[in-house]
Amino acid sequence: MTDAEYVNIWMRPERPARGPRPAYSRAQITEAAIRIADAEGLEAATMRRIAAEIGAGAMSLYRYVPSRDNLVELMADRLMGEIDVTGMPSGEWRADLTRYAGGLRAMWLRHPWIAGVQRSLPSFGPNQLRLIEALMGALDPFVSIDENLGLTAMLNSYVEGAVREEISSAGEVRRSGLSESQWMARSSPYIEQLVGSGDYPIFTKIVTEARQLHLSRDEQFRHGLARVLDCIAAAIPPP
């Protein structure tokens, strides 16, 4: 497809100007795709599978969603709609960013397949735009727009990195059949050998002194988020 032929999915009318009333909606197709992805992973959400889910012909879905990439855009934007930013910006930027970060993490954990969606170039769907207005609106009174972009990118990167690790770890636990504590117990003899060697003083401090290893996932997330928010606070000029 050439640049001249490309039309953003959000610019395409859902209903044709003429012809019969559509039997389905983009929302129905998107919801079916998300149900399949939640149950079996993103790769399972093919047009053929979605068509079977809603009782349609596979080729007929392309009247509503022109491509697989468009489908993923619709799915990703639909998930962003789960993040509640009602009432933001509230005037309390730290509370707003804390709330947003928690909502983003919770959404990723409900739909771990989103970790496989590479969205380096945003499509600016309606829910993404709503989040931009709420999130960046929280910092807008205090910093320039360029600074705002950098600070919110740092926040998003922290949440994404933390939750990707959480999802990956949960996957390893499922595949191994061991709980995290069982996995650690199995590794204990080797860890004791490393500590006893005296060759790894920093690793030894991690094992013997670090508190974070003993925190719950929720506590670890909140601890890291507080550090990120402290960095944001340092970038905001004093009143």
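The values are calculated or read from the model by the stated rules, or taken from the named source; none is laboratory data. Small disclaimer: the values here were computed from a predicted structure and weren't measured. Every residue, glycine as well, gets a Cβ built from its backbone with ideal geometry; the counts of neighbours run over all protein chains shown. The accessibility values were calculated without ligands, DNA or RNA, using every heavy atom of the protein model including side chains. Shrake-Rupley method; radii C 1.70, N 1.55, O 1.52, S 1.80 Å.
How much net charge surrounds residue 135 when only the other residues with a Cβ under 11 Å from the Cβ of residue 135 are counted, with Lys and Arg +1 and Asp and Glu -1?
Working: positive: 99, 130; negative: 96, 133, 140.
Computed value for this residue: -1.
To the nearest ten degrees, helix 217-235 and the longest principal axis of the Cα atoms of the chain are 80 degrees apart. Sequence-ordered 3J(HN,Hα) estimates for segment 133-142 from the Karplus curve with 6.51, -1.76 and 1.60 and θ = phi - 60° stand at 4, 6, 5, 6, x, 5, 9, 4, x, 10 Hz, glycine and proline given as x. The solvent-accessible area of residue 86, taken with every protein chain present and a 1.4 Å probe, is close to 100 Å². Applying the Karplus relation 6.51 cos²θ - 1.76 cosθ + 1.60 with θ = phi - 60° to segment 161-176 yields 3J(HN,Hα) values of x, 5, 6, 4, 5, 5, 5, 4, 5, 4, x, 5, 4, 5, 5, 7 Hz, where x marks Gly and Pro. When you restrict to C-alpha pairs under 8 Å that are six or more residues apart and normalise by the size of the chain, the relative contact order lands at 16 percent.
A quarter of the convex hull surface defined by the alpha-carbon atoms of the chain gives 18.6 nm² as the mean projection. Of the accessible area of segment 9-146, computed with a 1.4 Å probe over protein heavy atoms only, carbon and sulfur atoms account for 55 percent. Rg and Dmax of segment 44-180, both derived from C-alpha coordinates alone, stand at 17.7, 52 Å. Simple point charges give the picture: +1 on the Cβ of Lys and Arg, -1 on the Cβ of Asp and Glu, and for the chain a dipole about the Cα centre of about 860 debye.
Summed over the residues of segment 150-239 and divided among them, the accessible surface reaches 68 Å² per residue at a probe radius of 1.4 Å. Would you work out which of 102, 152, 191 lies farthest towards the positive end of the dipole of the chain? Charges go on Cβ: Lys and Arg +1, Asp and Glu -1. Of the options given, the answer is 102. Rounded to whole numbers, the Karplus 3J(HN,Hα) couplings from phi for segment 86-102 are 4, x, 9, x, 9, x, 10, 4, 5, 5, 5, 5, 5, 5, 4, 4, x Hz, using 6.51 cos²θ - 1.76 cosθ + 1.60 with θ = phi - 60°, and x at Gly and Pro. In degrees, nearest 10, range 0 to 90: what is the angle between the Cα axis of helix 26-40 and the longest Cα principal axis of the chain? Roughly 40 degrees, rounded to the nearest 10.
Near residue 53: Cβ cut-off under 13 Å, other residues only, Lys/Arg at +1 and Asp/Glu at -1. The net charge is 0.
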